[in-house]
Amino acid sequence: MRDIFKGLLKENPIFVLALGLCPSLAVSTSVNNALGMSLATFLVLLGSNIAISLLARHIPDEIHIPAYIVVIATFVTLVDMSMQAWLPALSQSLGIFIPLIVVNCIILGRAEAFASKNPVGASILDAVAMGLGFAVGLVAIALVREILGAGSITIVPGILEFAVPGLSEKPVLVFAFPAGALIVVGFLQALFRWLGEVTEK
Amino acid sequence: MNEMTDKALRLGAIGAVAALLLALMNTFTEPVIAEQKAQKLNSALTVLSGGIQPGREEMAPAPGIARRWPLGAGEGWILELDAVGYGGPMTVVASFTSKGEVMAARLMANSETVGFGKNAEDPTYMDIFVGSGQSVPVPVTKTALGDDADVVAGATVTFSGISAAIAAGSKAVQEWGGQ
């Protein structure tokens with residue numbers, strides 16, 4: 001449990017390790033997009049961590065980066081194809097950011113720093129911890145941005161949507177744009193770091 | 001076996017397994033994706049035709065126009081137009097009267113940015129073009145949009161791509177007339 005908890009606060013990939021910031025800024029305009037992106041990233045992280053943990057000792061150091069990239073790109077493409085076929089609305093909404101998971105630093109970072117040096121069980125746990133931390137971070141950014149920037153909370157479009165009185169008529173548009181995303185990330189980063197320090201004490 | 005060959009073989013083996021996995025997945029997903037695309041196009045054609053039965057499709061009738069469908073007996077056309085947005089190629093389908101006036105339009109395939117260019121997928125986005133193309137020119141600049149300029153805020157490149165494609169479609173229809 002401690003390993004999983006570390007991904008949430010102490011080693012949160014977005015707010016503490018500052019990994020995967022590009023998709024965090026790009027797809028955090030709605031909670032629905034953040035949940036979809038988190039799911040896709042988690043599946044890729046889980047698959048690549050397992051595969052790299054199993055393959056690492058058979059891959060010479062000199063070719064480990066291209067080998068890891070091939071493994072990661074395979075899982076990203078599998079997830080992309082599956083989402084296009086069975087979750088088309090979400091796939092369309094996330095667009096290019098699904099294929100771009102290939103270059104998400106969290107995936108290659110965890111492959112390099114953890115999965116390649118640890119057994120499968122620990123690598124699965126690491127994927128769960130980091131996937132959960134990424135999801136919490138991304139959803140937190142999206143929640144603030146969607147409430148302030150659009151005056152709504154969209155969990156499942158058309159089914160589970162809430163309007164925020166006052167803000168839905170007059171949203172603070174800057175939060176819908178990248179500048180607003182950076183402001184939100186800054187404040188949440190401070191909050192998560194403070195929470196990490198408090199829980200450590 | 002020398003060291004270089006060993007590394008090449010290991011990398012090749014990983015690539016081969018990856019290709020096999022992707023090919024296997026493709027056999028399951030490809031028919032589902034193709035069916036979805038066909039359904040999406042049919043549904044767009046139904047909306048765009050405004051109750052008139054579209055005729056037989058014709059491939060590449062003019063540069064920048066991938067397909068066209070005649071509407072009724074010379075009542076107009078539905079065109080599948082090639083456009084270029086911020087994220088690369090886009091597909092726009094639009095219906096025109098025989099005089100080139102836009103009846104309706106939809107953004108289909110695209111790689112536009114979520115929260116910005118992607119907003120053009122909302123059917124109401126295309127209302128800014130409806131009714132233009134004959135007496136009123138198709139708006140190709142934000143200034144021409146007047147009060148509707150807010151609709152395209154943050155996604156000017158997407159708007160420019162779509163508007164250029166629709167304007168080209170309108171021009172082509174005017175040249176074809178009701179034929």
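The values are calculated or read from the model by the stated rules, or taken from the named source; none is laboratory data. Everything quoted here is computed from the prediction, not taken from an experiment. Virtual Cβ from ideal backbone geometry, glycine too; neighbours counted across all protein chains shown.
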Evaluate segment B:57-69: report whether one residue or more is touching a Ser or Thr at 6+ places or on another chain (Cβ under 9 Å), under 19 Å from B:Gln174 (Cβ atoms) and among the charged types (D, E, K, R).
no
Quick check on A:Glu11: is it away from chain B (no Cβ under 12 Å) and among the acidic types (Asp, Glu)?
yes
Taking strands (runs of 3 or more DSSP E) that do not extend beyond segment B:32-119, which have at least 3 residues that are within 14 Å of chain A (Cβ to nearest Cβ) and either farther than 30 Å from A:Val174 by Cα or touching a strand residue (DSSP E or B) at 6+ places or on another chain (Cβ under 8 Å) (or both)?
B:88-97
Considering only segment A:106-124, I want to know if a residue exists there that is in contact with a Gly (Cβ under 6 Å, 6 or more places away or on another chain), closer than 30 Å to A:Ile72 by Cβ and in a helix (DSSP H, G or I).
yes
Condition (residue is under 16 Å from A:Gly20 (Cβ atoms), surrounded by fewer than 23 Cβ atoms within 10 Å (Cβ to Cβ), more than 12 Å from chain B (Cβ to nearest Cβ) and in contact with a helix residue (DSSP H, G or I) (Cβ under 9 Å, 6 or more places away or on another chain)) applied to segment A:49-57: is it met by at least one residue?
no
Kindly provide the set of residues from segment A:161-175 that are in a strand (DSSP E or B) and charged (D, E, K, R), ordered by number.
A:Glu161
Return yes or no: is B:Glu112 in contact with a Gly (Cβ under 9 Å, 6 or more places away or on another chain), among the charged types (D, E, K, R) and more than 27 Å from A:Cys22 (Cα to Cα)?
no
Here is a check on your reading of the model: is A:Gly149 touching an Asp or Glu at 6+ places or on another chain (Cβ under 8 Å) and crowded, with 19+ Cβ neighbours inside 10 Å?
no
Name the residues in segment B:1-14 that are part of a helix (DSSP H, G or I) and exposed (fewer than 15 other Cβ atoms within 10 Å of the Cβ), would you?
B:Glu3, B:Met4, B:Thr5, B:Asp6, B:Ala8, B:Leu9, B:Gly12, B:Ala13
Residue match in segment A:22-41 (condition: outside any helix (DSSP H, G or I) and surrounded by fewer than 19 Cβ atoms within 10 Å (Cβ to Cβ)):
no
Filter pass, B:Val130 being within 23 Å of B:Gln53 (Cα to Cα), of a type in the set (Val, Ile, Thr) and assigned to a strand (DSSP E or B):
no
The one condition in (1) part of a helix (DSSP H, G or I); (2) away from chain B (no Cβ under 14 Å) that A:Ile155 fails to fulfil
(1)
Could you go through segment B:148-169 and let me know if any residue there is of a type in the set (Asp, Glu) and farther than 18 Å from B:Ser95 by Cβ.
yes
Which residues, taken from segment B:16-31, are more than 10 Å from chain A (Cβ to nearest Cβ) and under 30 Å from B:Val93 (Cβ atoms)?
B:Thr27
Members of segment A:58-94 found to be within 7 Å of chain B (Cβ to nearest Cβ), buried (at least 21 other Cβ atoms within 10 Å of the Cβ) and not aliphatic (A, V, I, L, M), listed by number:
A:Thr74, A:Ser93
Could you tell me whether A:Ile59 is within 21 Å of A:Gly180 (Cα to Cα) and either polar (S, T, N, Q) or at pLDDT below 95 (or both)?
no
When segment B:120-151 is checked residue by residue, the ones that are among the β-branched types (Val, Ile, Thr), more than 14 Å from chain A (Cβ to nearest Cβ), out of contact with any strand residue (DSSP E or B) (no Cβ under 6 Å at 6 or more places or on another chain) and touching a residue at least 24 places away in the same chain (Cβ under 8 Å) are B:Ile128, B:Val138, B:Val140
